[in-house]
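Visitor: After the structure tokens below, expect a handful of questions from me.
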Amino acid sequence: MADIDRRPEADKPHVLIVYYSFSRQTAHVAATMGHRLRERGCEVSEAPLEFTDAHYGKRFASRPMRWPIVKIVSMLPAQIRRRCGDITIPEAAARGEYDLVVVGSPTWWLTTCMPVRSYLHHGAATRALASTPFATFTTSRRYYRGNLNTMRELGIENGGVFVDSTRFVAGGNQVMSMWSWLAFMRHDVERSRSFGVRMPKPNLKVDYERQATAFIDRVAESLSFPSPLAAADPRGA
Ligand SMILES: Cc1cc2nc3c(=O)[nH]c(=O)nc-3n(C[C@H](O)[C@H](O)[C@H](O)COP(=O)(O)O)c2cc1C
């Protein structure tokens, strides 16, 4: 697909993709959606949030994660209480006038991760979302509903106009996928075997790019953004 766009800047739909990602899964999905939107002639700002909280953020300061079980379980009380923490918000995610905002969050303990929740409670999110269509996506091993509901509710509270949502979940059964994921968190590489046992993929499924592209196409079409073909050749549009 051609990645050329000859449209004047002012005619391009402007899209913000704001997300948090520790182990890069949400970042991979955000990058795929960003790439597709650019193919469609959009001006895209990808804005990864940084989790700088002095108390909670340290656990997510580096990969691989030593003692992943301990660190993950230690987030449970704060996640249950829906606590917020300090984050650094990229400048692009603190201003408005977008035609679409996409918000992506991993699921942490059945709900939106602390950094994305903190963003959605910040004035920056109100500026980005006010009267603006928004879509959401989650990445998780399995659970996504509470996360999607929270992002939709907070987005609407910020004045956003909800368009659509999707989720990316891992494959495998509960036990094997958990085993595979913990091994990934500990080593920061996907392994197909552990102690001689075949592992399911710990994170995004192999077809996640197709899913991300189909989703963002659906969102773009519902907002009448240019098609990829029209973006590559505006005379034929
Ligand atoms: C603190 C923590 C809690 C998690 N809780 C859940 C959960 O309740 N349900 C689930 O399906 N996945 C859970 N996960 C897995 C993540 O949602 C999943 O690995 C996600 O893809 C990570 O996204 P990222 O790579 O962008 O950080 C949790 C991960 C962490 C770090």
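Visitor: Looking only at the stretch 70-77, decide whether some residue is within 13 Å of the ligand (Cβ to nearest atom), aliphatic (A, V, I, L, M), crowded, with 21+ Cβ neighbours inside 10 Å and not in a helix (DSSP H, G or I). Show your work before the answer.
Guide: Our first condition is that a residue be within 13 Å of the ligand (Cβ to nearest atom); within the stretch 70-77, this holds for 70-77.
With the extra rule that they be aliphatic (A, V, I, L, M), the set shrinks to 70, 72-73, 75-76.
Checking which are crowded, with 21+ Cβ neighbours inside 10 Å leaves us with none.
Checked the stretch 70-77: no residue is within 13 Å of the ligand (Cβ to nearest atom), aliphatic (A, V, I, L, M), crowded, with 21+ Cβ neighbours inside 10 Å and not in a helix (DSSP H, G or I).
Visitor: Follow-up. When the stretch 159-184 is examined, which residues are found to be of a type outside the set (A, V, I, L, M), within 20 Å of Ala27 (Cβ to Cβ) and in contact with a Ser or Thr (Cβ under 6 Å, 6 or more places away or on another chain)?
Guide: Correct list: Ser165, Arg167, Phe168.
Visitor: Any chance the stretch 173-193 includes a residue that's within 19 Å of the chain's Cα centre (by Cα), farther than 15 Å from Met65 by Cα, small (Gly, Ala, Ser) and more than 14 Å from the ligand (Cβ to nearest atom)?
Guide: no
Visitor: Next up: Scan the stretch 9-32 and give yes if some residue there is away from the ligand (no atom under 13 Å from the Cβ), modelled with pLDDT under 95 and part of a loop (DSSP other than H, G, I, E, B), otherwise no.
Guide: So far as the stretch 9-32 goes, yes, one or more of its residues are away from the ligand (no atom under 13 Å from the Cβ), modelled with pLDDT under 95 and part of a loop (DSSP other than H, G, I, E, B).
The values are calculated or read from the model by the stated rules, or taken from the named source; none is laboratory data. Remember, predicted model here, so these are calculated numbers, not experimental data. As a convention, Cβ positions derive from the backbone with ideal geometry for all residues, glycine included, and neighbour counts pool all protein chains shown.
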